[in-house]
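Undergrad: Next up is a structure, given as structure tokens.
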Amino acid sequence: AGMNGTAIENFVCVIFNVSFMNCTWHVGRTATEDTKYFLYWRPSKKEDVTECQNYIKDNCGRHTGCRFQNVTIENKNAYFLVNGSSSGQNIQS
């Protein structure tokens, strides 16, 4: 669901110094300036979902990334969801 071109693009997460993780993305091509994206993740299917607490923002104040601390990924798999909201359009996940 959501309008084409509103989903984030180029989603990348990098783990460094053992326990820090930065995730970044580009705003969807047709997303309006009031679009807010929200990142949720969990390091395994057994753990609870956590929302980002330290967003990286662009000049319009839109979330374009997240900085995590104390990250542990045990099984080489992690699960991510980025959804969004806007007053003028439905945003693709």
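Undergrad: Less than 26 Å apart at the alpha-carbon level, and either on another chain or at least 8 residues along: which lysines does that give for LYS57?
TA: Within reach: LYS36.
Undergrad: Next question, about the same structure. Hey, any idea what Rg/Rh is for the range 9-88, computing Rh the Kirkwood way over Cα pairs?
TA: Working: Rg = 13.2 Å, Rh = 13.3 Å.
Taking Rh as the inverse mean 1/r over Cα pairs, Rg/Rh reads 0.99.
Undergrad: Also: Which percent of the accessible area of the chain is formed by carbon and sulfur heavy atoms (probe 1.4 angstrom)? Spell out each step's value before the answer.
TA: Working: 2750 of 6060 Å².
That share works out to 45 percent.
Undergrad: Roughly how many Å² is the accessible area per residue of the range 9-88, as a whole number, for a 1.4 Å probe?
TA: With the other protein chains kept in place, the range 9-88 gives 66 Å² per residue.
Undergrad: Moving on. Under a 1.4 angstrom probe, counting protein chains only, how are ARG29, ARG62 ranked by accessible area, largest first?
TA: Working: ARG29 180, ARG62 35 Å².
Ranked from most to least accessible, the order is ARG29, ARG62.
Undergrad: While we're looking at this one, here's another question. Who wins for biggest fluctuation among TYR40, TYR55, TYR79 in a Gaussian network model of the chain, springs between alpha carbons below 10 Å?
TA: Per the Cα network of the chain with a 10 Å cutoff, TYR79 tops the list.
Undergrad: Cut-off under 20 Å on the C-alpha distance; same-chain residues fewer than 8 positions from LYS45 excluded. Which lysines are left, in chain and number order?
TA: Straight-distance partners of LYS45: LYS76.
Undergrad: Given a cut-off of under 8 Å on Cα pairs at least six residues apart, what relative contact order in percent is computed for the range 9-88?
TA: Working: 146 pairs, mean separation 28.4, N = 80.
Dividing the mean separation by the residue count of the range 9-88 yields 35 percent.
Undergrad: While we're on this one: When DSSP assigns beta bridges and you keep just the ones with both residues in the chain, what percent turn out antiparallel, to the nearest 5?
TA: Working: 22 of 23 bridges.
Roughly 95 percent of the beta bridges in the chain run antiparallel, per DSSP.
The values are calculated or read from the model by the stated rules, or taken from the named source; none is laboratory data. This one's a predicted model, so the numbers in the text were calculated from it and none came from an experiment. Calculation scope for accessible area: heavy atoms of the full protein, side chains included, ligands and nucleic acids excluded. Shrake-Rupley method; radii C 1.70, N 1.55, O 1.52, S 1.80 Å.
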